[in-house]
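Remarks on the structure that follows.
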Ligand SMILES: *Cc1c(COP(=O)(O)O)cnc(C)c1O
């Protein structure tokens, strides 16, 4: 991380991230918390691409004191960046990682009964090891089963070095309109809690909600809600949400620079396979962004039925004429411009027509934040000013 120099000019492709908007989303979510609940910010996968250290710092400044990540190394990174709040590692961890996790004061998750026993054995003789129990209720991934609650309590009772701080579960279908499956998962979670306390255990902090269920079920907020998507500025549903609006702000903008221009005649084939051909004389602009930066990388698509196949074909056909469906636009000075041909590895051609664009001009591009690697600079702004750069 380098401090911003006043005359800093980013390279040819970068992401601009507005830290004020992350803080805004946090405050907006906070207004919707049920009494007694707090936000645990999920900053896995480099804070969904925003950059974990800067996103965490912005959230901490907004008042956030609890964070979650998937791996020990993600947790250590947050600690090293100066985060003093609670940091929970949600993913399963292995014994070689535990000393480093304890040293960084991270809380670990028990991913199963055998895993819990291993943790208990290791914790004995160490200073207190902070722990959350994950309950497997229908995600089919990690966690203890409700039937193992009494056994879990027996392990914890026998290992005073384990400091149990939370019991949680994760919903698999929370973004669905129909929450029947989510409700069944919640019932399984409650079953665990009942059996755990019937066996004699004290139930610590409970947390079950991700972004979508947080919005849908205030009754499930409990002590913490674990929010990633919403704080990072993305709506967790593909549908509108009923009820009072959530003033979500997207902090992320992909940007690239024009690195070359040329005035081409009509009929010039552009890019791999020559799938695009200029229809009239005009300016072609090459921008320094492509697949390698996360530009337009869509998940692999396998048509499941005839309708899917039809949609896929229409999209591909639209691509060849320089149009893109799905709301992705490339903007130059606020005007939508066409991509000419296929996106390249690090270079992409735009058909600018009669527009008088120049080398060095900025364009807004749909950089997919989760596909935007560490190699792409993150340029952070606050109050409209660049305050920090994360350069590769
Ligand atoms: C990713 C994740 C979350 C956050 O989910 P969002 O829908 O992005 O808010 C919460 N809990 C766990 C276990 C997760 O893996």
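Observations
- Residue in region 161-180 that is away from the ligand (no atom under 16 Å from the Cβ), part of a helix (DSSP H, G or I) and in contact with a helix residue (DSSP H, G or I) (Cβ under 8 Å, 6 or more places away or on another chain) present: no
- Look at region 198-211: where a residue is closer than 14 Å to residue 223 by Cα and a partner is assigned to a helix (DSSP H, G or I) and more than 8 Å from the ligand (Cβ to nearest atom), sitting 6+ places away or on another chain with Cβ atoms under 8 Å, you get 203/193; 203/196; 203/197; 206/193; 208/186; 208/189; 208/220; 209/220.
- Considering region 232-242, the residues that are within 18 Å of residue 47 (Cβ to Cβ) and touching a helix residue (DSSP H, G or I) at 6+ places or on another chain (Cβ under 8 Å) include one that is farthest from the ligand (Cβ to nearest atom), namely 233.
- Among the conditions (1) under 30 Å from residue 159 (Cβ atoms); (2) buried (at least 22 other Cβ atoms within 10 Å of the Cβ), residue 186 misses just one, which is (2).
- Region 158-170 residues that are assigned by TED's automatic domain parsing to the domain that holds residue 217 and farther than 27 Å from residue 227 by Cβ, paired with ones that are at pLDDT below 95 and part of a loop (DSSP other than H, G, I, E, B) (beta carbon under 7 Å, 6 or more apart): 159/124; 161/124; 161/126; 161/128
- Exclusive hit being within 15 Å of the ligand (Cβ to nearest atom), over 18 Å from residue 41 (Cβ atoms) and over 25 Å from the mean Cα position of the chain (by Cα), set 133, 144, 119, 113: 144
- One residue stands out among those in region 62-86 that are within 14 Å of the ligand (Cβ to nearest atom) and closer than 25 Å to residue 30 by Cα: the one that is surrounded by the fewest Cβ atoms within 10 Å (Cβ to Cβ), which is 70.
- Filter result for residue 235 (in contact with a strand residue (DSSP E or B) (Cβ under 7 Å, 6 or more places away or on another chain) and closer than 25 Å to residue 382 by Cα): no
- Enumeration of residues in region 194-231 that are away from the ligand (no atom under 14 Å from the Cβ), part of a helix (DSSP H, G or I) and either modelled with pLDDT under 95 or surrounded by 17 or more Cβ atoms within 10 Å (Cβ to Cβ) (or both): 195, 196
- Failed criterion for residue 137 (all others in (1) touching a strand residue (DSSP E or B) at 6+ places or on another chain (Cβ under 9 Å); (2) buried (at least 22 other Cβ atoms within 10 Å of the Cβ) hold): (1)
- Taking region 376-386 as the range and being outside any loop (DSSP other than H, G, I, E, B) and more than 15 Å from residue 81 (Cβ to Cβ) as the test, the residues that pass are 377, 379, 381, 382, 385, 386.
- Any hit, region 320-328, residues being out of contact with any helix residue (DSSP H, G or I) (no Cβ under 6 Å at 6 or more places or on another chain), surrounded by 12 or more Cβ atoms within 10 Å (Cβ to Cβ), assigned to a loop (DSSP other than H, G, I, E, B) and modelled with pLDDT of 75 or more: no
- Residue within region 25-44 that is within 13 Å of the ligand (Cβ to nearest atom) and within 19 Å of residue 294 (Cα to Cα) present: yes
The values are calculated or read from the model by the stated rules, or taken from the named source; none is laboratory data. Since the model is a prediction, treat every value here as computed from it, not as a measurement. No Cβ is skipped: glycine too gets one built from the backbone with ideal geometry, and neighbour counts run over all protein chains shown.
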